[in-house]
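Read the structure below first, then the notes.
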């Protein structure tokens with residue numbers, strides 16, 4: 001039974017921009033039918049102004065707790081100022097968290113995401129235990145807090161539960177890394193079993209090639225395959241990571257994951273960052289998914305990934321807010337294209353075969369994220385949960401922009417500011 | 001006589017962040033006194049919430065009419081997709097303007113600037129004559145429209161009145177460039193005389209090294225010197241511009257301007273872009289001003305200027321919204337730093353001698369722009385007109401950000417969205 005018929009003057013649905021679309025939403029919050037707004041008079045029509053409707057945005061990579069250090073890591077220190085010195089500041093924040101503190105900052109970050117149009121987040125969660133590494137009475141204490149924060153905000157969550165074992169090849173974890181570490185793969189998988197049994201949507205997540213051994217990664221990948229779960233990892237974010245990997249494994253991080261069988265299933269593996277790939281890695285990742293986090297990759301001096309080459313090789317691209325200094329997937333999408341223009345000195349880099357750019361960026365911010373998180377939908381299509389974002393075309397940003405160009409304008413020049421309403425599973429959240 | 005005593009919980013005044021500041025504003029809209037908010041009880045105290053007050057932002061480089069093609073230049077065309085193909089689309093928009101149309105789009109752009117905290121704009125104005133190059137009955141017709149748009153919006157204007165003569169060395173203007181061109185330097189200066197006599201704040205603006213001869217630039221620089229006016233030009237935006245300049249003049253664009261005496265007066269010359277400088281250019285520009293436009297420089301595939309090297313050489317840095325696809329100097333400031341991190345793989349690049357970053361970026365967005373436009377102030381100090389921006393610290397963006405870090409957070413992670421009020425010459429504009 002149709003509960004509400006939403007009328008969208010413009011909608012990007014099923015990958016195409018359409019005028020006067022009607023979304024019939026049933027009592028379960030699903031799209032029963034996508035129709036023509038002019039076609040018939042529904043009793044419960046609801047319009048939210050002159051707007052462009054998009055599928056809910058999907059944030060494929062977040063560390064919610066890092067929201068707590070927004071703007072607080074930019075004082076120049078003596079010596080190297082890099083990703084690695086930033087990590088020291090970030091570890092201090094991670095050390096200071098208690099369960100209530102983690103819940104509070106995660107809830108803030110998720111609430112900010114929802115207001116920015118994000119309806120589904122992949123939380124790459126690695127702070128598990130007490131500061132000295134001792135598990136809490138419930139070893140999933142902090143994971144439950146993340147789950148609770150998502151529920152209380154009303155955002156969909158894929159918990160990318162992180163496995164972390166070492167500081168690098170043959171190195172025990174640093175003191176500041178102890179609380180990230182389970183005692184064994186079995187201890188970790190036991191926590192994952194518990195979370196899954198409680199209905200939490202979990203992804204298997206070796207933190208990075210430096211934080212786990214090949215044997216451990218192989219076990220994790222096998223578990224993910226057995227239970228049809230996605231696998232995420234940080235991959236080739238920094239040159240030093242590649243050098244250390246080559247010294248240990250004689251190949252790149254993507255090469256090492258390939259050896260572990262991580263690419264056996266199409267698009268169930270997501271490499272986060274991929275800013276320092278070698279030639280062979282583009283082929284290796286061509287059947288998989290890459291999550292770019294352009295604002296964080298700039299902040300941390302990581303570099304610019306070759307998104308057009310990945311896309312043309314067949315890799316599925318998604319976006320993440322990562323450090324959450326900035327929470328705005330519209331900007332992440334824009335910078336995916338714009339940073340590439342800076343690197344190559346040319347324009348219109350990610351455009352599709354028809355020459356269009358906006359739909360490619362919108363796709364990365366929606367469907368690409370859903371692919372990365374193993375969700376079946378995110379296209380405002382029949383049968384899907386009604387997760388949607390309402391972009392106000394009466395915002396002065398769109399003055400002088402023909403509606404047919406609104407998608408390009410939003411994703412090449414905009415921010416999330418003109419988002420006026422966000423719907424999750426049929427419920428208006430703002 | 002004090003008309004209003006504004007109370008700022010936090011203010012960036014005179015280049016320092018201070019708590020509980022009181023700005024006594026006189027009936028003429030000037031700051032009569034900067035004091036301690038706790039010190040004495042003014043009869044007409046006015047507070048605008050828990051806010052950080054900044055000087056009004058100064059936009060040193062704008063082409064207002066290009067606001068009309070926001071989001072409409074991103075369809076991939078066969079062949080080259082670059083700055084030069086973008087220029088074709090931009091010229092089509094310039095061709096289509098009539099006086100009313102120019103007024104309307106300029107007013108829209110200036111209004112958007114004001115809402116984004118910009119209190120002073122340098123409009124680099126080059127559409128002067130009818131589409132075929134014939135002057136209007138009043139040869140300043142379109143310049144007056146720009147002046148009127150600024151007055152109607154209430155934004156300060158420096159009219160960077162452009163001189164344009166040719167398509168390149170020995171090349172007559174293209175048909176689409178005819179309306180930019182005066183018949184001679186004298187005809188141009190006669191227009192400038194008229195504008196100045198009417199009280200318009202004018203800058204002398206040879207469009208670029210390709211658009212004027214050395215002799216013409218020399219005459220323009222001499223006039224600017226005689227009348228104490230600033231000189232602006234587009235400089236080394238694209239490699240091709242440098243190659244053509246070297247072929248014609250045997251030196252870089254900065255080298256050619258040096259020969260014309262453009263650098264005789266400290267900080268009265270502004271090079272816009274400077275994305276492709278050679279070794280000697282850094283020394284040449286060390287006593288002058290450079291205006292970076294990072295979002296446009298990304299959009300057009302121009303590249304990344306070496307802002308830290310310019311700054312350490314002594315060059316004054318300012319910011320511009322340029323194409324106005326994006327109108328947000330907070331983002332421009334952020335990307336000045338962040339694009340450099342992308343290029344160099346390191347963090348904390350523009351930080352000052354004390355290690356601070358936020359003040360450097362805030363300076364570029366305020367005082368640096370005032371320097372470029374030849375304005376004597378922009379620091380929220382005694383004797384200055386009260387031009388101010390009120391940043392709402394209760395905006396969720398600042399949650400978990402200690403106020404002492406608010407400047408860093410805003411300029412490294414923010415946008416202009418938390419700006420709640422803008423004051424121009426003592427008048428609240430929003």
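Just a few scattered comments:
- Screening A:89, A:60, A:64, A:37 for residues that are at pLDDT below 95, under 22 Å from residue A:321 (Cα atoms) and surrounded by 14 or more Cβ atoms within 10 Å (Cβ to Cβ) leaves exactly one candidate, A:89.
- The lone exception for residue B:347 - which of (1) touching a residue at least 12 places away in the same chain (Cβ under 8 Å); (2) out of contact with any strand residue (DSSP E or B) (no Cβ under 8 Å at 6 or more places or on another chain) it fails: (1)
- So residue B:313, is it over 28 Å from residue B:71 (Cα atoms), away from chain A (no Cβ under 14 Å) and in contact with a helix residue (DSSP H, G or I) (Cβ under 8 Å, 6 or more places away or on another chain): yes
- Filter result for residue B:334 (within 14 Å of another protein chain (Cβ to nearest Cβ), assigned to a loop (DSSP other than H, G, I, E, B), more than 14 Å from the chain's Cα centre (by Cα) and surrounded by 24 or more Cβ atoms within 10 Å (Cβ to Cβ)): no
- Test result for residue B:88, closer than 21 Å to residue B:301 by Cβ, assigned by TED's automatic domain parsing to the domain that holds residue B:295 and not in a helix (DSSP H, G or I): no
- Pairing residues of the stretch B:14-35 that are not assigned by TED's automatic domain parsing to the domain that holds residue B:422 with residues that are crowded, with 18+ Cβ neighbours inside 10 Å, at Cβ distances under 8 Å and at least 6 apart in sequence or on separate chains, gives no pairs at all.
- Some residue of the stretch B:52-65 being part of a loop (DSSP other than H, G, I, E, B), away from chain A (no Cβ under 12 Å), under 24 Å from residue B:150 (Cα atoms) and more than 28 Å from the chain's Cα centre (by Cα): no
- From the options A:322, A:306, A:302, residue that is more than 9 Å from chain B (Cβ to nearest Cβ) and farther than 25 Å from residue B:399 by Cα: A:306
- For residue A:294: the one exception among (1) within 12 Å of chain B (Cβ to nearest Cβ); (2) more than 15 Å from the chain's Cα centre (by Cα); (3) free of Cβ contacts under 8 Å to residues at least 60 places away in the same chain: (2)
- So residue B:115, is it outside the structural domain of residue B:160 (by TED's automatic domain parsing), touching a strand residue (DSSP E or B) at 6+ places or on another chain (Cβ under 9 Å) and closer than 30 Å to residue B:232 by Cα: no
- Candidates B:127, B:121, B:146: the one that is part of a loop (DSSP other than H, G, I, E, B), away from chain A (no Cβ under 14 Å) and either modelled with pLDDT of 95 or more or within 30 Å of residue B:394 (Cβ to Cβ) (or both) is B:127.
- A single entry from B:282, B:269 fulfils the requirement of being crowded, with 24+ Cβ neighbours inside 10 Å and more than 14 Å from chain A (Cβ to nearest Cβ): B:269.
- Qualifying residue in the stretch B:318-330 (condition: in a helix (DSSP H, G or I), in contact with a helix residue (DSSP H, G or I) (Cβ under 8 Å, 6 or more places away or on another chain), in the same structural domain as residue B:115 (by TED's automatic domain parsing) and crowded, with 24+ Cβ neighbours inside 10 Å): yes
- Qualifying residue in the stretch B:35-51 (condition: within 14 Å of chain A (Cβ to nearest Cβ), in a loop (DSSP other than H, G, I, E, B) and under 28 Å from residue B:330 (Cβ atoms)): no
- The residues of the stretch B:221-248 that are in a helix (DSSP H, G or I) and farther than 21 Å from residue B:375 by Cβ, listed by number, are B:222, B:239, B:240, B:241, B:242, B:243, B:244, B:245, B:246, B:247, B:248.
- Taken over the stretch B:352-391, the residue count meeting the criterion of being closer than 24 Å to residue B:46 by Cα and either more than 14 Å from chain A (Cβ to nearest Cβ) or within 15 Å of the chain's Cα centre (by Cα) (or both) is 15.
- Where residue B:402 falls short, out of the listed (1) more than 17 Å from residue B:46 (Cβ to Cβ); (2) surrounded by fewer than 20 Cβ atoms within 10 Å (Cβ to Cβ); (3) touching a residue at least 12 places away in the same chain (Cβ under 8 Å): (3)
- Pick from the stretch B:392-430, criterion over 28 Å from residue A:294 (Cα atoms) and in contact with a helix residue (DSSP H, G or I) (Cβ under 7 Å, 6 or more places away or on another chain), ranking: nearest to the other protein chains (Cβ to nearest Cβ): B:430
- Just one of (1) under 28 Å from residue A:298 (Cα atoms); (2) assigned to a helix (DSSP H, G or I); (3) out of contact with any helix residue (DSSP H, G or I) (no Cβ under 8 Å at 6 or more places or on another chain) fails for residue A:93. It is (3).
- Residues of the stretch A:169-190 that are surrounded by fewer than 20 Cβ atoms within 10 Å (Cβ to Cβ) and in a helix (DSSP H, G or I): A:175, A:176, A:178, A:186, A:187, A:189, A:190.
- Hey, residue A:115 surrounded by fewer than 21 Cβ atoms within 10 Å (Cβ to Cβ), in contact (Cβ under 8 Å) with a residue 24 or more places away in the chain and within 14 Å of chain B (Cβ to nearest Cβ) or not: yes
- The stretch A:196-213: number of residues that are closer than 26 Å to residue A:120 by Cα and either at pLDDT below 95 or out of contact with any helix residue (DSSP H, G or I) (no Cβ under 6 Å at 6 or more places or on another chain) (or both): 9
- Scanning the stretch A:82-103 for residues that are in contact (Cβ under 8 Å) with a residue 40 or more places away in the chain and within 11 Å of another protein chain (Cβ to nearest Cβ) gives A:82, A:83, A:84, A:86.
- Scanning the stretch A:68-85 for residues being part of a helix (DSSP H, G or I) and touching a helix residue (DSSP H, G or I) at 6+ places or on another chain (Cβ under 8 Å) gives a total of 3.
The values are calculated or read from the model by the stated rules, or taken from the named source; none is laboratory data. Everything numeric here is computed off the predicted structure, so don't read it as measured data. Note that we place each Cβ from the backbone using ideal geometry, even for glycine, and neighbour counts take in every protein chain shown.
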